[in-house]
Ligand code: RFL
Ligand code: PHB
């Protein structure tokens, strides 16, 4: 088999790239380790920057998103019983969009299948060969049967645990990592959201986040210990703890119900450099991870896809390598700023095991400054709605 671009990983990064390239007449094959249903069962991101939304429109897959999404003009931040709002539109002219990653991925799968896109599920033993030559190829097997695809380029969109990053030799690859000493326990429940806007809550008992998917589907998170397992937390325990971490005015009106999903995500900051090796390009979680506090993970994946998509189109249409040559540099310049923002938001709002009284005072001063100072709010707003591509 032959394809112009082999895309490893059928998560949002890989599917979006495939769909965008397809619209430009560039053919791709997407290799996914799991099944479509498995990928769609993972509950992840909820907030999209407008840059992401624009890419979905360009890919021709925005119809349902445009009809069903919620537009959020701002967010709420609380500490103890204090709560204040930051209006994104006032500061930046731009809102954010609430539309779940599950729905984004479903829309992309539907579009790819409608257009007879080549998607191979249940692949195993994916290997990238000759990435440093002009004729790379990828081998893989499905149910024990081996296949080979010759191609011009390979896009490694296979997430943090994928094989693409590992294909870059260790003497070239440099990795930067920070692992946080806590996780997020998240639940999804068929209940109305407690507030029209998201609430990022700092409290003596740790961080909490009130988010949503639609008018009757809420997503809540609480900071938890890394040794916890979701089974340690009954629904009742979760709701009780959440209520202790958000302002009383919100706890009093919180509507609870049975969870329909419950999981724990560890928090990590991670970047690998460079993001290109020969004809292999890394995109999304394969190259970088942010803690979810700034809602930046999927959105940084989207900016990678934007740069790579334009670079590949420039190559295939004009035989010009300028876009792909600057890919790693451009993508990393934006990613490091999103890493900084996510790290800062995490530090601002979470309780750390080794935190001293002094550290707590610093955190409180930072929160009070943010509450009182419009310039500080503007800085948060600019980062939250997304820095320009
Ligand atoms: P994914 O989604 O991990 O997809 C990678 C795909 O590659 C497949 N794969 C392989 N396929 C073939 N061969 C192999 N060897 C393979 N190895 C792996 C996997 O099965 C998978 O299908 O990466 P992608 O596409 O780069 O997308 C990244 C996003 O998923 C991620 O950044 C976000 O979910 C992060 N994130 C958030 N991002 C936001 O922008 N806004 C948010 O509000 C937000 N909230 C979150 C989040 C992530 C969370 N968790 C669980 C980590 C909230 C949470 C709780
Ligand atoms: C979510 O709704 O899952 C969500 C929202 C905002 C975040 C992280 C996760 O910062």
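The values are calculated or read from the model by the stated rules, or taken from the named source; none is laboratory data. This is a predicted model, so every value here is computed, not measured. For neighbour counting, all protein chains shown are included, and Cβ atoms are generated from backbone atoms with ideal geometry for every residue, glycine included.
Annotations for the structure displayed:
- Hits in the range 4-27 - residues which are surrounded by fewer than 19 Cβ atoms within 10 Å (Cβ to Cβ) and either within 18 Å of residue 135 (Cβ to Cβ) or in contact with a strand residue (DSSP E or B) (Cβ under 7 Å, 6 or more places away or on another chain) (or both): 4, 27
- Condition met for residue 249 (in contact with a helix residue (DSSP H, G or I) (Cβ under 8 Å, 6 or more places away or on another chain), modelled with pLDDT of 95 or more, more than 16 Å from ligand 1 (Cβ to nearest atom) and within 21 Å of residue 364 (Cβ to Cβ)): no
- Residues being part of a helix (DSSP H, G or I) and either in contact (Cβ under 8 Å) with a residue 40 or more places away in the chain or within 11 Å of ligand 2 (Cβ to nearest atom) (or both) - total across the range 215-241: 3
- Flag for residue 332 being in contact with a strand residue (DSSP E or B) (Cβ under 9 Å, 6 or more places away or on another chain) and over 23 Å from residue 154 (Cβ atoms): no
A quick yes/no check of all residues on (1) at pLDDT 95 or above; (2) closer than 23 Å to residue 384 by Cα; (3) surrounded by fewer than 21 Cβ atoms within 10 Å (Cβ to Cβ):
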| site | (1), (2), (3) |
| --- | --- |
| 174 | yes, no, yes |
| 189 | yes, no, no |
| 193 | yes, yes, no |
| 199 | yes, yes, no |
| 220 | yes, yes, no |
| 223 | yes, yes, no |
| 228 | yes, no, yes |
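- Looking only at the range 282-299, residues that are more than 13 Å from ligand 2 (Cβ to nearest atom) and either touching a strand residue (DSSP E or B) at 6+ places or on another chain (Cβ under 7 Å) or assigned to a loop (DSSP other than H, G, I, E, B) (or both) come to 6 in all.
- Looking only at the range 115-136, and only at residues there that are modelled with pLDDT of 95 or more and more than 13 Å from residue 31 (Cα to Cα), the one that is farthest from ligand 1 (Cβ to nearest atom): 134
- Pairs meeting the criteria (first residue in the range 82-100 and on the phi > 0 side of the Ramachandran plot and modelled with pLDDT of 95 or more, second residue part of a helix (DSSP H, G or I) and surrounded by 15 or more Cβ atoms within 10 Å (Cβ to Cβ), beta carbons under 9 Å, at least 6 apart or on different chains) are 93/385.
- Among the candidates 282, 312, 298, residue that is crowded, with 23+ Cβ neighbours inside 10 Å, within 30 Å of residue 138 (Cα to Cα), away from ligand 1 (no atom under 16 Å from the Cβ) and at pLDDT 95 or above: 312
- Every residue from the range 255-278 that is more than 17 Å from residue 329 (Cβ to Cβ) and either more than 13 Å from ligand 1 (Cβ to nearest atom) or over 18 Å from the mean Cα position of the chain (by Cα) (or both): 255, 256, 257, 258, 259, 260, 261, 262
Rundown of residues vs (1) away from ligand 1 (no atom under 12 Å from the Cβ); (2) surrounded by fewer than 18 Cβ atoms within 10 Å (Cβ to Cβ), yes/no style:
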{"residue": "143", "(1), (2)": "yes, yes"}
{"residue": "151", "(1), (2)": "yes, no"}
{"residue": "159", "(1), (2)": "no, no"}
{"residue": "167", "(1), (2)": "no, no"}
{"residue": "203", "(1), (2)": "yes, no"}
{"residue": "208", "(1), (2)": "yes, no"}
{"residue": "214", "(1), (2)": "yes, yes"}
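- Residue count for the range 196-214, restricted to those that are within 13 Å of ligand 2 (Cβ to nearest atom) and not in a strand (DSSP E or B): 3.
- Residue selected from the range 30-49 under the condition modelled with pLDDT of 95 or more, away from ligand 2 (no atom under 12 Å from the Cβ) and outside any loop (DSSP other than H, G, I, E, B), by the criterion nearest to residue 386 (Cα to Cα): 30
- The range 257-279 - residue that is out of contact with any strand residue (DSSP E or B) (no Cβ under 7 Å at 6 or more places or on another chain) and surrounded by 18 or more Cβ atoms within 10 Å (Cβ to Cβ) and, of those, farthest from residue 297 (Cα to Cα): 277
- Residues of the range 335-353 that turn out to be touching a strand residue (DSSP E or B) at 6+ places or on another chain (Cβ under 8 Å) and under 15 Å from residue 206 (Cβ atoms), as a count: 8
- Among the residues of the range 264-281, those that are within 15 Å of ligand 2 (Cβ to nearest atom) and in contact with a helix residue (DSSP H, G or I) (Cβ under 6 Å, 6 or more places away or on another chain) comprise 264, 269.
- Restricting attention to the range 50-94, the residues that are within 16 Å of ligand 1 (Cβ to nearest atom), in a loop (DSSP other than H, G, I, E, B) and touching a strand residue (DSSP E or B) at 6+ places or on another chain (Cβ under 9 Å) add up to 1.
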